[in-house]
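J.: Provided herewith is a single structure, encoded as structure tokens, for subsequent inquiry.
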Amino acid sequence: MSEHILLVEPDYYTQYPPIGLLKLSTYEKNQGNSTELIRGCGIPLKKPNKIFITSLFTWSWRPVWRAVSYYKKKYPSAPVYLGGIYASLMPKHARLSGADFINEGILPEVESLMPDYRLRPDWDGSIIFSSRGCNRNCGFCAVPRIEGRLTAKKSSIKKMVWLEHSRIIFFDNNFLWNENKFDIFEELIELDKSVDFNQGLDARLIDEEIAENLGKLKYESSNAVRLAYDTLGEKKAVENAIQLLSENNIKKRRIFVYALFNYEDTPETFLERVVDILNWGAVCYPMRFEPLKALEKNSHISDNWTKEKIEAVQSARRVIGFGGAFPPYKGLVDKFQNASNFDQAFELRECKEVIR
């Protein structure tokens, strides 16, 4: 006898559809069941036999708990399954939500399935994992805890592209570590759709051949390529990657570089990385570190930082930045480069002098 499966995305902020739930929909339909996707707390078209609720960042746990409580009360006979990032990182805390089952990590049985984009007809973008995991073991990253080292390396992604979509969005955590990447590059060129390496590319792995292939792709966003400059030890690799990309049809101002702060860095070493990125001609995006199990966003202050210095960075992003980032405008470059220290660099009384 077929069942009706309710898929719930809690009412937290996100730009992307719940890809795990969409894959689960395909799996359930293959079993002869019907599915329905609801955002937040709503009334499904049909009484569900099972309820699957996803989760995102740990600090977004409250909407998750609200969804679990709501559907448990409304449909007490339907078991509630809770999965996703929060559930995987904090399963003990997630169990307190009242969910009947907690799923940690990835569901192997749905991983290779095409997401059921029919549940999100408004969405234009095929979200793809051509690999899972990452061979780095960065202390600030959740990937090693949830997915482990690089696995599930695909040599082809064509069958995972929804024909009606104009974009291909990679959610790989380290796309360039997949030894099959050049086969995938060939498919992307053939498909002729815009590409978004959403989780960024590892600058340490970009060489001339990779840069040449990246330069042949179409990019819809103004931020064609995303890199990360998390520590000063990555300086040469990031500078080299930006230069190679610029030599292969990707303008430096279309290269978006994340600069982690409030982790093990100091305000002064953070400033040094900001200056480097702007001098290289790329866009700098300050990325505030959040502990992997933070239950409150923007509450953590590392030993090397203070609340005032963090607020100075956030204010500068709003006042003299653009979309939260620092573009390589001459006035910004001069302001940061000519400052004698962090406090002077992020002091805003001179902000009117910044020239774009």
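J.: Convert each backbone phi in the stretch 271-288 into a coupling constant with the Karplus relation 6.51 cos²θ - 1.76 cosθ + 1.60 (shift: θ = phi - 60°), then list the ³J(HN,Hα) values in order as whole Hz, x for Gly and Pro.
T.: So the Karplus estimates, Gly and Pro as x, are 4, 4, 5, 4, 4, 4, 4, 5, 5, 7, x, 9, 8, 9, 10, x, 10, 6 Hz.
J.: Normalised by the number of residues in the chain, what is the relative contact order in percent for Cα pairs under 8 Å and 6+ residues apart?
T.: For the chain, the relative contact order is 11 percent.
J.: Here's another thing I want to ask about it. Can you compute the helix-only [θ] at 222 nm over the chain? Use -39500 (n - 2.57) per DSSP H run of at least 4 residues, normalise by all residues, nearest 500 deg cm²/dmol.
T.: -9000 deg cm²/dmol
J.: Same structure, new question: If the limit is 26 Å between Cα atoms, which of K181/K330; K23/K72; K23/K47; K307/K330; K154/K235 go over it?
T.: Exceeds cut-off: K181/K330; K307/K330; K154/K235.
J.: What does the convex hull of the Cα atoms of the stretch 281-332 come to per residue, in Å³, rounded to a whole number?
T.: 103 Å³
J.: Considering only DSSP beta bridges where both residues belong to the chain, give the percentage that are antiparallel (nearest 5).
T.: Rounded to the nearest five, the antiparallel share is 10 percent.
J.: Related question: Where a ≥ b ≥ c are the square roots of the eigenvalues of the C-alpha gyration tensor, would you call the stretch 4-108 rounded, which needs a/c under 1.5, or, failing that, prolate if a/b is larger than b/c, or oblate?
T.: The shape class here is rounded.
J.: If I compute percent of Cα pairs over 25 Å apart from the structure I just sent, which labelled value in (1) 55; (2) 59; (3) 65 lines up?
T.: (2)
J.: Also, I was wondering about something else. Would you mind calculating the relative contact order of the stretch 150-238 from Cα pairs under 8 angstrom and at least 6 residues apart, reporting the percent as a whole number?
T.: 29 percent
J.: Percent relative contact order of the stretch 24-134, based on C-alpha pairs within less than 8 angstrom and at least six residues apart?
T.: 26 percent
J.: Please give the helix 307-319 orientation as an angle from the longest Cα principal axis of the chain, in degrees from 0 to 90, rounded to the nearest 10.
T.: So the inclination is approximately 90 degrees.
J.: Whole angstrom only: what separates the Cα centroid of the stretch 79-103 from the Cα centroid of the stretch 182-240?
T.: What the calculation gives is 35 Å, centre to centre.
J.: A further question follows. Can you put I19, I255 in order, fewest other beta carbons within 10 Å first?
T.: Fewest-to-most Cβ neighbours within 10 Å comes out as I19, I255.
J.: Sort out for me the Cα centre separation of the stretch 22-59 from the stretch 255-293, rounded to whole Å.
T.: Cα centroid of the stretch 22-59 versus Cα centroid of the stretch 255-293: 38 Å apart.
J.: What does the net charge come to around G281 if you take all other residues with beta carbon closer than 13 Å to its beta carbon, with K and R at +1 and D and E at -1?
T.: In short, +2.
J.: Ok, one more. Evaluate the charge dipole of the stretch 244-356 about its Cα centre and quote only its size in Debye, nearest 20, assuming +1 on the Cβ of each Lys and Arg and -1 on the Cβ of each Asp and Glu.
T.: Dipole size: approximately 660 debye.
J.: By its C-alpha gyration tensor, with a ≥ b ≥ c as the square roots of the eigenvalues, how is the stretch 266-356 shaped: rounded for a/c under 1.5, else prolate for a/b larger than b/c, else oblate?
T.: Prolate, because a/c is 1.5 or more and a/b exceeds b/c.
J.: Taking every DSSP beta bridge with both residues inside the stretch 4-108, roughly what % is antiparallel (nearest 5)?
T.: 0 percent
J.: With angles folded into 0 to 90 degrees, how steeply does helix 61-74 sit against the dominant principal axis of the chain? Use alpha carbons for both and round to 10.
T.: The two axes meet at around 10 degrees.
J.: Could you list C138, C284 in order of exposure, starting from the residue whose Cβ has the fewest other Cβ atoms within 10 Å?
T.: Least to most surrounded, the residues fall as C138, C284.
J.: Would you mind counting up the charge near G42? Only other residues with Cβ under 13 Å from its Cβ, with Lys and Arg at +1 and Asp and Glu at -1.
T.: +1
Bear in mind that the values in this text are calculations on the coordinates, not laboratory data. Just so we're clear, the structure is a prediction, and the values are computed from it rather than from any experiment. Ideal geometry is used to build each Cβ from the backbone, glycine not excepted, and the neighbour counts take in all protein chains shown.
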